[in-house]
Amino acid sequence: MYDFIIIGGGLAGVTFANFLEKHGKSFCLIADRSQVASLIAGGVYNPVVLKRFTPIWRAEEVMSIIEPFYAEIEAKTGVSFHISMPVLRKFASVEEQNNWFTAADQPLLSGYLSTALVPETNPAVPAPFLFGEVMRTGRVEVKKYLSECLRRWQEEGVYHAKTFDYEALEICDTHVVYRGVEAHNIVFCEGCGISKNPYFCSLPMRPCKGETLTFYAPDLQLHTILKSDGSIIPLGGDTYIMGATYDPEDLTDTITEGARTELLEKLHKMVRCSFEIISHQAALRPTVADRRPLIGSHPLYPHLWVLNGLGTRGVLNAPFCAKTLYEAVYEEKEIPKEMNIARFAKRLRR
């Protein structure tokens with residue numbers, strides 16, 4: 001009997017599986033990779049909301065976990081996918097500079113916002129009002145992280161690239177059974193696919209479409225993540241991602257000409273060099289109505305768990321949320337109210 005059956009092979013499912021593995025727990029992971037949000041993610045982690053110069057939700061707790069977590073997985077797999085890289089915020093005015101310095105004086109932000117302004121040195125990136133540097137930032141090559149973990153687990157016989165059939169799940173008093181496979185618990189980490197889940201589909205997911213452009217620009221020579229009205233993320237080899245749009249209305253995963261035009265307009269404002277568009281990507285992010293993760297067990301079926309709603313900061317949120325779920329299951333720690341699906345218990349009991 002496994003400790004867990006995990007449904008979903010994105011950031012949530014793979015990261016929780018790594019926590020189980022670290023603590024000697026057994027699992028079986030089932031995923032058909034139909035939810036592609038994790039696979040096309042830029043993978044940036046940044047503890048500051050750069051529109052308003054405020055810390056992200058639970059910044060200190062989240063940041064204390066991510067760096068050692070990803071380093072540990074790299075050491076275990078022998079594959080490098082975590083890249084430390086500064087984020088530069090391009091200022092649009094002297095007023096923004098002043099707001100930056102005011103924010104940097106706050107205790108929650110002083111460790112993240114540098115007070116030494118970064119000068120304009122790259123002719124391809126004009127910045128008359130200079131840049132502010134966010135510290136302790138970087139990116140995770142999400143596709144490499146997920147692919148390496150799933151490849152290894154497939155070789156070990158615990159990852160199955162199949163579509164989960166809800167009708168085949170048997171819920172017993174002390175465990176669950178899926179097509180002859182027994183487990184103490186099952187956790188659904190399906191991203192936007194939760195809409196098809198008969199046990200958790202009533203949770204108030206508010207998927208949000210995001211589109212990005214990948215482009216080639218040998219003259220850009222950018223070695224930091226650049227944030228202005230949009231973000232440019234270096235991928236290496238003179239290749240970059242420009243992103244991302246935020247559309248809560250169009251819930252398809254197809255690329256649109258409108259988003260392409262929007263991204264190109266922002267890119268032209270941010271850089272002064274030629275570039276070539278290589279590809280255009282779109283995916284639905286698993287965001288929630290109150291913009292907080294969904295973690296907890298079903299009020300009627302205690303062996304059914306959910307780990308979802310990582311939103312637009314999946315790389316940041318995944319280790320913290322996976323740790324929270326693990327501690328709830330095995331250390332009987334309370335899930336914080338703002339994350340706990342108990343806040344939507346009435347919906348789940350219908």
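Restricting attention to segment 172-226, the residues that are touching a residue at least 60 places away in the same chain (Cβ under 8 Å), outside any strand (DSSP E or B) and hydroxyl-bearing (Ser, Thr, Tyr) total 4.
From the list 24, 78, exactly one residue is free of Cβ contacts under 8 Å to residues at least 40 places away in the same chain and within 24 Å of residue 3 (Cβ to Cβ). Which is it? Please lay out each step first, then the result.
Values: 78 fails: within 24 Å of residue 3 (Cβ to Cβ).
Every option except 24 fails the conditions.
Rundown of residues vs (1) within 14 Å of residue 5 (Cβ to Cβ); (2) in contact with a Gly (Cβ under 7 Å, 6 or more places away or on another chain); (3) of a type in the set (Phe, Trp, Tyr), yes/no style:
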{"site": "168", "(1), (2), (3)": "yes, no, no"}
{"site": "171", "(1), (2), (3)": "yes, no, no"}
{"site": "174", "(1), (2), (3)": "no, no, no"}
{"site": "185", "(1), (2), (3)": "yes, no, no"}
{"site": "189", "(1), (2), (3)": "yes, yes, no"}
{"site": "195", "(1), (2), (3)": "no, no, no"}
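All conditions in (1) surrounded by fewer than 15 Cβ atoms within 10 Å (Cβ to Cβ); (2) within 18 Å of residue 297 (Cα to Cα); (3) not hydroxyl-bearing (Ser, Thr, Tyr) hold for residue 165, with the sole exception of (2).
Yes or no: segment 206-215 includes at least one residue that is within 15 Å of residue 40 (Cβ to Cβ), modelled with pLDDT under 95 and of a type in the set (Gly, Ala, Ser). Yes - at least one qualifying residue is present in segment 206-215. Among the conditions (1) buried (at least 19 other Cβ atoms within 10 Å of the Cβ); (2) of a type outside the set (A, V, I, L, M, F, W, C); (3) closer than 26 Å to residue 88 by Cβ, the only one that residue 286 does not satisfy is (3).
Within segment 84-104, the set of residues being part of a strand (DSSP E or B) and surrounded by fewer than 16 Cβ atoms within 10 Å (Cβ to Cβ) comprises just one member, 84.
With respect to the conditions (1) closer than 26 Å to residue 50 by Cβ; (2) polar (S, T, N, Q); (3) in contact (Cβ under 8 Å) with a residue 40 or more places away in the chain; (4) touching a strand residue (DSSP E or B) at 6+ places or on another chain (Cβ under 8 Å), residue 239 lacks only one, and its number is (3).
Taking segment 231-350 and the helices (runs of 4 or more DSSP H) fully enclosed by it, the elements with 1 or more residues that are within 23 Å of residue 17 (Cα to Cα) and touching a Pro at 6+ places or on another chain (Cβ under 8 Å) are at 314-330.
The values are calculated or read from the model by the stated rules, or taken from the named source; none is laboratory data. Quick caveat, the model's predicted, so the values are computed rather than measured. Methodologically, a virtual Cβ is constructed for each residue, glycine included, from the backbone with ideal geometry; neighbour enumeration extends over all protein chains shown.
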